[in-house]
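The values are calculated or read from the model by the stated rules, or taken from the named source; none is laboratory data. These numbers come from a predicted model, not from an experiment. Every residue, glycine among them, receives a Cβ derived from its backbone with ideal geometry; neighbour counts consider all protein chains shown.
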Amino acid sequence: MCGIVGYVGEGEAQDIILEGLARLEYRGYDSAGISLLQDGALATCKRVGKLAVLRTVLETTPLRGRLGIGHTRWATHGAPAEENAHPHWDVAQDIAVVHNGIIENFQELRQELEATGIVFRSATDSEVLPHLIQQYYQGDLIEAVRLALQRVRGAYAIGVLHRGEPEVLVGARQGSPLILGLGQGEYFIGSDASAVVKHTRQVIYLNDGELCKLTPAGYHIIDMTGAPARHTPSTIDWDPVQAEKEGYPHYMLKEIFQQPEVLRHALLAYVDSKNNIEMPDLGLDSQRLAGLRRIVIVACGTAWHAGLVGKYMVEQFARIPVEVDLASEFRYGNRVLDADTLVIPVTQSGETADTLEAVRIARTNGAPVIGIVNVVGSSIARSADGVIYTHAGPEIGVASTKAYTSQLCALALFSLYMGRIRNTVTPEDVATQLTQLREIPGKLEQCLEQADAIAACARKDHYMHAKNAMFIGRGVNYPSAMEGALKLKEISYIHVEGYAAGEMKHGPIALVTPELPVVCLAPQGSVYEKVRSNLEEIRARGGVILSIATEGDDNIKTISNDVLYIPACAEMFSPLLVAAPLQLIAYYIACGLGRDVDQPRNLAKSVTVE
Ligand code: G6P
């Protein structure tokens, strides 16, 4: 969702900003724009559509300058249109602003500004900012921004320029992410580190309520009272190449194939050679963890599905009750929280607005928080008491794949760790489970080796050209069915539902016809026979069945149109394996339909507004 890049230094700002915006494309957007200080005036170019459209215009009429801001916009207030694209500027065209977030009191501010004679050009909430900053401007941009922001309610990350201060770039954040990139004689702002990592690995994660002033000579950070704020720069530990396609046609496919390596990495990070699970950054001591009475997992989208699988794992191994809440429901649900309830936000980006707010609510109510987070230094990682990093590396495809399986792995390890602390599993049990978990990356490789066969299956007419589809599973693979359904619907635009197989008879079976493909998760395990019965019922009504089953289960062919196999594994870890064929089915169907797999319509990777 909305990407921000800003630059001040000796380089060509246009090229640096366009390159940074390209790195942020994955966040999801529908228009883009850039403003530079060129020959003492603000020069702006904005276009609806992909960055390539803006780039084409700038190739013929480039903007030249050493100071600039750029933006990719995901429309909230006002349609995707050129006048609503950022940057926005004030009446005199002195000030340009890019904004990510939502200004909740923008109506009130807009009326006040309009009453002074200002005519707005856009339907956005963001346009109040340049006008408001202009009202407070008296020769010092950061001071004007600070005063203006005191009038603003809501969430923002902003980048600001003023024509009269040709070497000054100002940034500020409250609730939306913003980082500073520190170069040699050049400084950057960005919505995340990928925007700047080509130029520098030294970054500062701005805190809420902080503003920064960047010039070619250095940087200065203050809080909302104007007092200086201290920060120690962090070093980005991943290579920019990791955020490239590396020969794959899409990021999604690359990320699907990275999963075995990601899981090996995560296991190495948390398990030593003697089968001890070490989680050094939990932020709570063993006594506190042992005394917990309840766990609430909060998350959105795919991360919520990971949380649902986590419930089965934690309840199995640690015997502690777990609730799994959608963060958007949790935040307004007036949930019962206390110091003995651990809240676990699960999030790839660490920036999802609803999940971040859930963390704030949990902490306000005295509940401890341990985040399962991918992006190091993200808002949720920094605002929780403790963190379990998932070590998945940058995930660029909007449809989450490797982040999901890495979340499952982190939850599996956490549940075993908690099981030991609570004495609900023996060291021997843990060793047995870890042996099985360590086999998962290799088995996942075997699943991925079948990619061509999965592609051939997915492209069959009755799957690829289905109008509707259903994914079903039971037990620990009920969430897998929901995740498989989400993967397919978000990138293919086919209407798909994920259902608990045992619920079919309570309604959905009415939908079964020869036009309805049903993808059924039927690996060996405690509920296998039950799933088979559900399949028989669907078969009896003419449904088209694609089963995902355990190698050696030849019998399931008799009640399935197609079968994809996964290697035998521990039932509790089977969601890690079934994820691969589910992801590949979605991927190949979406490719076959000519969809934009990495950036599906209307979707954003990082949902930083409510
Ligand atoms: C968006 C993404 C999903 C992701 C969800 C939660 O909808 O497109 O892939 O699962 O947000 O994001 P998070 O970063 O909190 O895991």
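Residue count for region 566-599 satisfying the condition of being crowded, with 20+ Cβ neighbours inside 10 Å and outside any helix (DSSP H, G or I): 5.
Quick check: is even one residue across region 415-430 within 16 Å of the ligand (Cβ to nearest atom), of a type in the set (Phe, Trp, Tyr), closer than 20 Å to ARG264 by Cα and part of a helix (DSSP H, G or I)? Even if it seems obvious, please write down each step before you answer.
Taking region 415-430 and keeping what is within 16 Å of the ligand (Cβ to nearest atom), we get none.
Within region 415-430, not a single residue is within 16 Å of the ligand (Cβ to nearest atom), of a type in the set (Phe, Trp, Tyr), closer than 20 Å to ARG264 by Cα and part of a helix (DSSP H, G or I).
Name the residues in region 331-349 that are under 28 Å from ALA392 (Cα atoms) and either more than 13 Å from the ligand (Cβ to nearest atom) or in a loop (DSSP other than H, G, I, E, B) (or both), would you?
Narrowing region 331-349 to residues under 28 Å from ALA392 (Cα atoms): 331, 341-349.
The answer is ARG331, THR341, LEU342, VAL343, GLN348, SER349.
Residue pairs whose Cβ atoms lie under 9 Å apart, sitting 6 or more positions apart in sequence or on different chains, and linking a residue in region 347-374 that is assigned by TED's automatic domain parsing to the domain that holds ILE295 and surrounded by 24 or more Cβ atoms within 10 Å (Cβ to Cβ) to a partner that is at pLDDT below 95 and in a strand (DSSP E or B), are LEU356/GLY175.
Looking across region 60-104, just one residue is more than 19 Å from ARG23 (Cα to Cα), within 24 Å of the chain's Cα centre (by Cα) and charged (D, E, K, R), and that is GLU104.
How many residues are in a helix (DSSP H, G or I), over 19 Å from ALA481 (Cβ atoms) and among the small types (Gly, Ala, Ser) when one looks only at region 266-318? Within region 266-318, residues that are in a helix (DSSP H, G or I), over 19 Å from ALA481 (Cβ atoms) and among the small types (Gly, Ala, Ser) number 4. Of all residues in region 392-411, those that are outside the structural domain of ASP596 (by TED's automatic domain parsing) have Cβ atoms under 8 Å from Cβ atoms of residues that are among the hydroxyl-bearing types (Ser, Thr, Tyr) and assigned to a loop (DSSP other than H, G, I, E, B), 6 or more apart or on another chain, in GLU395/THR401; ALA403/THR390; SER406/THR390; GLN407/THR390; CYS409/THR390; ALA410/THR390.
Show me the strands (runs of 3 or more DSSP E) found entirely inside region 447-552 where at least 1 residues are in contact (Cβ under 8 Å) with a residue 60 or more places away in the chain. Can you show your working first?
Details: elements: 468-473, 495-500, 517-522, 544-550.
Where strands (runs of 3 or more DSSP E) fall fully within region 447-552 and carry at least 1 residues being in contact (Cβ under 8 Å) with a residue 60 or more places away in the chain, they are 468-473, 517-522, 544-550.
Working carefully through the options LYS213, LYS274, LYS254, find the one that is at pLDDT below 95 and not assigned by TED's automatic domain parsing to the domain that holds ILE589.
After applying the criteria, what remains is LYS274.
Residues in region 111-139 that are of a type in the set (Asp, Glu) and either within 13 Å of ILE95 (Cβ to Cβ) or in a loop (DSSP other than H, G, I, E, B) (or both): ASP125, GLU127. Condition check: surrounded by fewer than 20 Cβ atoms within 10 Å (Cβ to Cβ) and either at pLDDT 95 or above or outside any loop (DSSP other than H, G, I, E, B) (or both). Does ARG151 satisfy that? So ARG151 fits the description; yes.
Can you spot a residue in region 154-166 that is out of contact with any strand residue (DSSP E or B) (no Cβ under 7 Å at 6 or more places or on another chain) and without any contact (Cβ under 8 Å) to a residue 24 or more places away in the chain? Within region 154-166, none of the residues are out of contact with any strand residue (DSSP E or B) (no Cβ under 7 Å at 6 or more places or on another chain) and without any contact (Cβ under 8 Å) to a residue 24 or more places away in the chain.
Got a number for residues in region 27-44 being within 16 Å of the ligand (Cβ to nearest atom) and in contact with a Gly (Cβ under 7 Å, 6 or more places away or on another chain)?
2
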